[in-house]
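Inspection log for the structure reproduced underneath, given as C-alpha cells.
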Amino acid sequence: MDIRDGKLRIPEFQRPLRWRSAHVLDFFDSVYRGFPVGELLLSKRSAEPRLLHFGPLRVDAPAVPDALFVVDGQQRINALAGALLHPDTRPRGDIHAVWFDLQAERFVRSRSAEPPPHWIPLNVISDSFLLLGWLHEWPFGKQRPDLVQRAIALGKAIREYQIPAYVVEEASKEALRLIFKRANTSGVPMKESEVFEALFDGAGPRPIESACARLQEQTGFGVMERDWFLRCLKAVEGRDPRHTFTEREGDATEVRASAVEETETSLRRAIAFLADDAGILHLQLLPYRLPLILLARFFHLHPSPHPRTRTLLVRWIWRGALAGVHTDSSHATVNNLQSKIDRDEFASVERLLFTVPKDVEPPAASTVWSGHSAATRLCAVAMLHMDPRNVDTGEAYTLQEVQRLLDRRDLAKIFRDVGRDAPSTVARRVLLPGSKQIARLPHAPEEVLRSHGLDRSAADALLRGDISEFVEHRQRELDRWFQRFFSERSAPGEADRLPIAELVRRVEAQAATT
C-alpha cells in the first residue's frame with residue numbers, strides 16, 4: 001500500500017506517540033535481521049480529505065472510499081514512513097533521521113550536519129533507483145566494494161520484508177473494542193481509549209495538542225504547553241500578541257489551520273537550533289521562554305539562515321539569559337521584539353543583538369539552587385556540557401538518556417543535593433538520578449569525578465561527610481568551568497560582525513544611492 005496516496009491513515013491523537021529514538025533503531029535492526037515485528041491490525045472505511053502526519057512526512061490526502069485505518073501498529077507505521085520517506089535529503093535531528101553505518105553494520109540517528117561518509121540514510125535505500133544513484137556518487141564506491149554490497153543487501157532486506165496485516169470489515173463497535181484491548185497488551189501499548197479514537201476519531205483532532213505531541217515525539221525537547229505554542233503561532237503570523245484570533249476579521253478556523261502547520265515547522269527548526277547550536281537540550285533547561293517565541297518567527301522567515309547568523313543568534317540567546325533581559329515576556333515586549341524580525345535576515349539578527357548587553361557575568365557555583373529559576377537552569381545546562389558520567393557504569397550520559405530524565409523528573413530530582421542543611425547551592429548538586437549513587441560517588445574513578453567537576457580532594461571530603469570542604473573544592477572547579485562555558489557562548493570580547501559578503505553588499509548598495 002502506498003502511504004503517499006492517502007489510503008493508509010493514522011488519525012491525529014490527543015497524546016504523543018510513545019516510541020523514542022531507541023525504539024525506532026531497534027525496530028529497523030529487527031527488520032534488517034529478519035526478526036518478527038508483530039502484526040498490523042487495520043480497519044477499512046471511508047476517509048475525508050486530510051493532512052496526514054507520519055513523523056516528518058506530510059501527506060495531503062484526498063477523500064478515499066476504502067481507506068485503511070491503523071488500529072494496532074501505529075508506532076511501526078510511523079517508524080517506517082518517517083524514516084524511509086523522510087522528506088530531507090540528509091535527515092538529521094528528529095527520531096526518524098535514521099542512517100545505517102555501513103562499517104559497523106548498525107542503525108544510527110544523525111544529529112550532526114555532516115554524518116560520516118560511511119553512513120547511508122534510510123530514505124535512500126527505500127528505492128532501488130535512489131540507492132543505485134547514491135552508490136554511483138559515493139566517493140568510496142570503488143575503494144570499498146564490500147560496503148557497496150552491504151548497502152545493496154540492506155536495501156533488499158528492508159524493501160522485501162513483509163509484515164502480516166489483518167483487515168477488519170463491518171465489525172461492531174463492541175467487537176472492535178475487544179480486538180483493540182487484546183491487540184494492545186504487549187510492546188509499547190496505546191490506551192484502549194486512544195486506540196478507539198484512532199478508529200472513530202472521537203470528537204475530532206485537536207491541531208495544537210497534536211502539533212505539540214509531534215514536536216515532543218520527533219525532537220525529544222519536552223512537551224510544550226498549548227498556550228506557549230499559541231504565542232509562537234501569533235509571532236509566526238506577525239500578529240499583535242495582545243489581540244485574540246476572534247478579534248480578527250475573516251475565517252479564523254481556516255487561518256488557524258494553516259498557521260498551526262507553519263508554526264510546528266518553524267518550531268522544529270528553532271528547537272533543532274537550540275539543541276545543536278545553543279546547547280540547550282530540553283525545554284526544562286531553557287532559562288527563559290521569550291527566545292522560543294522570537295526564534296519561531298525568525299526560522300519561519302529564514303528557514304536556513306547563514307552560519308554566521310546562527311552564531312550571532314547563539315550570542316543573543318546567552319547574553320539575554322545571563323543578563324536577565326529575557327525575563328520580560330509580556331505581550332508588549334514580544335510585540336516590540338517580533339517587529340525587529342523581518343525578511344532581512346542580517347538586519348534582523350543585528351536588531352536582536354542591540355537589545356542585549358555584550359558584557360555579561362556567568363552565574364557562580366555559590367548560587368542558591370532555587371527550583372526552576374533561570375540561574376539554576378543556566379548552571380544545569382553548563383554542568384550537562386561537562387559530559388557527566390554515570391557513577392555506576394562509568395559511561396557518559398547520552399543525549400537521549402538526559403532527555404528521558406528531564407521528561408520524567410524535575411531538575412532537583414536529577415541534580416541531587418549531597419548535603420542536608422539549607423540552603424542548597426549549585427556546588428552541592430551533582431547529576432545523580434539515583435539517590436543511592438551519592439554514597440558511591442566518592443569511590444568513582446578519576447574520569448567520572450572530573451566529569452562532575454570534582455577532584456580527589458572533594459571526593460575525600462564527601463567520604464568523610466565534610467560538606468563544607470566538599471563545596472569549597474567543587475565550587476572552585478565549577479566556577480572555572482562556568483567562566484569558560486558561558487564566555488565561549490556569549491563571546492563578550494568578539495566582534496559581532498556580519499558575513500563579509502553582506503558587508504560588501506551594503507557598501508555597494510550605499511554607493512549606488514550616492
Can you give me the accessible area per residue for the stretch 371-514, using a 1.4 Å probe, in Å²? 51
For the stretch 367-514, the accessible surface attributable to carbon and sulfur atoms (probe 1.4 angstrom, ligands and nucleic acids excluded) amounts in percent to 50
Tilt, helix 467-490 to longest principal axis of the chain (alpha-carbon atoms), in degrees rounded to tens, equals 70
Per DSSP helix of 4 or more residues, -39500 (n - 2.57); summed, then divided by the residues of the chain. What does that give at 222 nm, rounded to the nearest 500? -15000 deg cm²/dmol
Given a Förster distance of 45 angstrom, what is the FRET efficiency for A332 paired with K436, based on the Cβ-Cβ distance and rounded to 0.05? 0.35
Give me the 1.4 Å probe accessible area per residue for the stretch 1-92, excluding ligands and nucleic acids, in Å². 44
Pop the C-beta distance of D421 and D359 into the FRET formula with R0 = 35 Å and round what comes out to the nearest 0.05. 0.50
Obtain the nm distance between the two label points defined at D387 and A512 by a simple spin-label model: each point lies 7 Å from its Cα along the Cα-to-C-beta direction. 4.8
Near the amide H of R9, under 5 Å away, which other amide H atoms are found, from residues 5 or more places off or on another chain, if H is placed in the peptide plane? L68, F69, V70
Along the positive direction of the dipole of the chain (beta-carbon charges: Lys, Arg +1; Asp, Glu -1; about the Cα centre), which of F140, L57, V223 reaches farthest? V223
Residue by residue through the stretch 501-511, what is 3J(HN,Hα) from phi via Karplus (6.51 cos²θ - 1.76 cosθ + 1.60, θ = phi - 60°)? Round to whole Hz and write x for glycine and proline. 4, 6, 5, 5, 4, 5, 4, 5, 5, 5, 5
Residue-wise HN-Hα coupling along the stretch 219-226, computed from phi with Karplus coefficients 6.51, -1.76, 1.60 (Hz; x: Gly, Pro): 10, x, 7, x, 7, 8, 5, 4
Projected-area mean, the stretch 421-514, by convex hull of Cα positions, square nanometres: 10.2
Roughly what would the spin-label model give for K142 and S304, points 7 Å off Cα along C-beta, in nm? 3.0
Straight-line reach from K340: which aspartates and glutamates fall under 18 Å, measuring Cα to Cα and dropping same-chain residues less than 8 apart? E237, D240, D328, E350, D496
Could you compute the FRET efficiency for S457 and S370, with r as their C-beta to C-beta distance and R0 at 30 Å, rounded to 0.05? 0.60
Using amide H atoms built 1.01 Å from N in the peptide plane, name the residues 5+ places from A365, or on other chains, whose amide H lies under 5 Å from its own. D479
Contour minus Cα-Cα span, E169 to A153, at 0.36 nm per residue, comes to 2.1 nm
Accessible surface of the stretch 56-167, 1.4 Å probe, proportion on carbon and sulfur as whole %: 55
0 to 90° range, to nearest 10: angle between helix 290-301 axis and the chain longest Cα axis: 50
Run the reach check for K156 against aspartates and glutamates, Cα to Cα strictly under 13 Å, same-chain hits fewer than 8 apart removed. What comes back? D127
Residue span D101 to D342: 0.36 nm per residue of separation minus Cα-Cα distance leaves a gain in nm of 82.7 nm
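The values are calculated or read from the model by the stated rules, or taken from the named source; none is laboratory data. Please read all numbers here as calculations on a predicted model, not as lab measurements. Quick reminder, even Gly has a Cβ in these numbers, built from the backbone with ideal geometry, and neighbours come from all protein chains shown. What goes into the accessible areas is simple: the full protein's heavy atoms, side chains included, and nothing from ligands, DNA or RNA. Shrake-Rupley method; radii C 1.70, N 1.55, O 1.52, S 1.80 Å.
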